[in-house]
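Bear in mind that the values in this text are calculations on the coordinates, not laboratory data. Note that this is a predicted model, so its numbers are computed, not measured. Note that we place each Cβ from the backbone using ideal geometry, even for glycine, and neighbour counts take in every protein chain shown.
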């Protein structure tokens with residue numbers, strides 16, 4: 001089953017969401033890359049993801065990847081269709097082992113408190129990727145059993161993969177306590 | 001768009017009271033069996049593990065942030081440092097994603113060389129992993145046999161790219177340079193005469209060893225459904241009966257039919273699957289993958305096509321050949337246009353995901369491009385990170401000596417875990 005058919009199933013089941021198939025990338029010669037994404041509002045995410053996993057026509061048993069993109073300075077064009085008022089896209093990369101197809105689901109959230117429901121109850125594999133997105137982007141995942149920083153130290157304040165965080169940091173390297181022989 | 005100070009604060013990790021008769025053990029981060037720097041907080045009842053809390057991030061180096069400031073060719077140097085056990089596989093996966101974004105079809109000769117490199121990388125990664133599985137259980141001798149045969153592969157990579165460990169061999173739309181004369185003969189000599197006796201040796205050393213079998217059989221079992229639900233890929237999923245291999249299911253390079261556009265058949269190989277789901281099953285799957293990889297390499301060498309290794313530079317996607325740069329003015333201008341920071345690559349505006357089957361599982365890159373010289377976001381889907389999250393569940397209820405056995409079988413590379 002091709003991804004286009006999966007999106008038709010979604011349009012039939014959720015007509016009120018206005019789901020449309022958008023290619024992740026359109027090449028300069030007009031072809032699309034064969035990878036498609038759909039936009040989902042955060043309040044319907046769990047319902048839609050559960051449907052995608054359980055429906056025999058879609059059967060997305062595996063969450064291949066979960067990540068976040070900060071579109072703060074992104075130049076939007078009609079083709080990519082990232083709405084200019086939205087900042088963060090939590091991107092779910094779904095994989096069906098039964099039908100061997102993929103689908104990307106994006107949920108757009110905004111400042112000041114970006115939060116989406118956690119999909120940990122649907123796929124356990126969302127555990128660490130959600131913690132990573134929380135750690136590096138500051139996205140909250142409501143309902144995650146153990147949401148705390150995973151890569152950075154616990155007393156770190158900022159979210160370094162956001163676009164307004166400078167490449168060389170905000171002086172965290174200099175802020176560490178110096179351990180000397182007599183104080184250790 | 002307004003930028004605000006983040007209000008979300010992380011919840012701090014407070015270890016709960018261990019309770020009557022239990023004690024807490026700090027395992028790592030500096031410990032020989034943790035391979036690099038991993039830390040586990042183990043809650044023990046005697047020698048039995050009640051609860052495990054992994055703590056990672058000791059090697060976090062902000063590679064994904066760096067990917068937003070280096071162009072598509074420069075970043076390949078950073079991918080080397082992610083999984084330093086098989087850097088070649090990371091190079092290949094990175095440029096697979098780049099070419100998916102650019103919409104480039106690589107040339108047949110480049111396809112063939114990349115396939116050979118990917119399989120050599122898989123062999124060297126598996127050899128190290130299998131040796132370490134023995135070493136972690138105290139079988140020192142069983143470590144020397146596979147590790148010794150890893151050395152010729154590094155030599156082959158050195159001939160190819162000039163570097164043993166960090167080859168940085170791929171470029172957008174091609175490779176750094178063509179292989180040296182006679183290289184395929186030396187590869188064939190390795191897969192035919194060096195690798196098979198080595199596999200036989202260490203397989204006999206371990207699989208006829210009662211201690212090894214008893215310490216691996218039934219240890220760290222993960223079921224078929226759990227493996228899917230926890231997003232496991234690669235040999236770990238296949239050891240639990242998940243029949244999934246990107247080389248078969250989403251064929252690319254020489255794994256797909258008609259890869260040279262002149263009707264060349266796909267390489268023939270089998271995907272080993274085991275059903276035990278334990279440490280021993282993962283060992284067996286990896287050993288069989290060694291043999292299959294060697295068979296793939298021999299087939300590709302038989303079919304090696306001639307021709308250029310880079311896609312034609314006319315479409316201004318790749319760097320021109322060095323001879324053109326030095327001897328023609330067009331080549332020199334083209335070269336400058338690609339390497340100057342205010343020119344550079346011009347990918348389409350959009351996003352792309354490209355993934356390869358590497359030794360540890362699906363290694364993918366999710367690229368977001370705003371049309372500029374550098375990626376807007378370079379997300380890596382690291383197999384180690386995704387595979388390691390199930391680890392705390394796997395070791396619960398086991399003895400403390402099984403901690404290292406299970407960790408060795410998952411083949412966690414901390415640099416890739418933390419990036």
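Over the stretch A:1-147, all Cα pairs binned in 5 Å intervals from 0 give whole-percent P(r) values of 2, 9, 19, 23, 21, 16, 8, 2, 0, 0, listed from short to long.
Mind checking the mean number of beta-carbon atoms from other chains within 10 Å of the Cβ atoms in A:62-75? Before the final figure, lay out the partial values.
Working: counts 11, 5, 9, 12, 4, 7, 2, 6, 4, 5, 2, 3, 7, 5.
If you average over the peptide's residues, the count of other-chain Cβ atoms is 6.
The mean number of partner chain beta-carbon atoms within 10 angstrom of a residue's beta-carbon across peptide B:94-101 is 1.
Largest GNM mean-square fluctuation across B:118, B:237, B:352, computed for chain B with C-alpha springs under 10 Å, falls on B:352.
Counting alpha carbon pairs within less than 8 Å and at least 6 residues apart, what relative contact order, in whole percent, applies to the stretch A:126-184?
On the way: 38 pairs, mean separation 15.9, N = 59.
RCO, the stretch A:126-184: 27 percent.
Compute the helix-to-body angle for B:108-136: its Cα long axis versus the longest principal axis of chain B, expressed 0 to 90° and rounded to tens. It is inclined by approximately 20 degrees. As a length-normalised measure over Cα pairs under 8 Å and 6 or more apart, the relative contact order of chain A settles at 18 percent. Each residue in B:98, B:380, B:132 was given a count of other beta-carbon atoms within 10 angstrom of its own, and listing them fewest first yields B:132, B:380, B:98.
Label positions at residue B:69 and residue A:55, each projected 7 Å from the Cα along the C-beta direction, are separated by 4.4 nm. Straightening the chain between residue A:148 and residue A:43 buys 35.5 nm, computed as 0.36 nm per residue apart minus the Cα-Cα spacing.
Could you work out the Kirkwood radius for the stretch B:170-324, taking every pair of different alpha carbons, averaging 1/r and inverting it, reported in Å?
Numbers: mean 1/r = 0.0540 Å⁻¹.
Taking every pair of different Cα atoms in the stretch B:170-324, averaging 1/r and inverting gives 18.5 Å.
The Cα atoms of chain B cover 79, 63, 33 Å along the three principal axes, with the biggest extent listed first.
Over the C-alpha trace of the stretch B:275-352, radius of gyration and Dmax come out as 21.8, 62 angstrom. Separation of the stretch A:83-123 and the stretch A:39-65, taken as the distance between their Cα centroids, equals 10 angstrom.
Pairs of alpha carbons in the protein assembly as shown separated by more than 38 Å make up 31% of all such pairs.
If you rank B:110, B:52 by fewest surrounding Cβ atoms within 10 Å, what's the result?
Details: B:110 23, B:52 20.
Lowest to highest Cβ neighbour count: B:52, B:110.
Spatial offset of the stretch B:404-419 relative to the stretch B:272-316 amounts to 22 Å, using the alpha carbon center of each. Direction-averaged projected area, Cα convex hull, the stretch B:126-259: 10.8 nm², rounded to one decimal.
Give the whole-number value, in cubic angstrom per residue, of the convex hull volume spanned by the C-alpha atoms of the stretch A:97-184. Can you show the working numbers first?
Numbers: hull volume 14.8 nm³, N = 88.
Looking at the stretch A:97-184, the number lands at 168 Å³ per residue.
Against chain A, whose longest principal axis comes from its Cα atoms, helix A:45-54 is set at around 60 degrees. Modelled label positions at residue A:174 and residue B:224, each set 7 Å beyond Cα in the direction of Cβ, lie 6.0 nm from each other. Relative to the longest principal axis of the Cα atoms of chain A, the long axis of helix A:127-137 makes an angle of roughly 60 degrees. A straight line joining the Cα centroids of the stretch B:119-174 and the stretch B:200-222 runs 22 Å. Estimated from the Cβ-Cβ distance and a Förster radius of 22 angstrom, the FRET efficiency linking residue B:47 and residue B:213 is about 0.60.
For chain B, what does the helix formula give at 222 nm: sum of -39500 (n - 2.57) over DSSP H segments with n ≥ 4, over the residue count, nearest 500 deg cm²/dmol? Don't skip to the answer; put the middle values down first.
Working: 18 runs with 183 residues, N = 419.
-13000 deg cm²/dmol, from helical runs alone.
Partner shielding of A:116-123 amounts to 1, given as the average count of beta-carbon atoms from other chains within 10 Å of each residue beta-carbon.
Does a label point 7 Å from the Cα of residue B:399, set along Cα-to-beta-carbon, have any residues of the stretch B:131-148 with amide nitrogen under 16 Å, and which are they? Those under the cut-off are B:136-139. With R₀ fixed at 41 Å, the C-beta to C-beta distance from residue B:270 to residue A:9 puts the FRET efficiency at about 0.75. Pick from A:145, A:153, A:42: which is most flexible by mean-square fluctuation in a GNM of chain A where alpha carbon atoms under 10 Å apart are linked? Comparing A:145, A:153, A:42 in a Gaussian network model of chain A, the most mobile one is A:153. Straightening the chain between residue B:330 and residue B:148 buys 60.8 nm, computed as 0.36 nm per residue apart minus the Cα-Cα spacing. Under a Gaussian network description of chain A, with springs only between Cα atoms under 10 Å, the residue in A:28, A:63, A:48 that fluctuates furthest is A:28.
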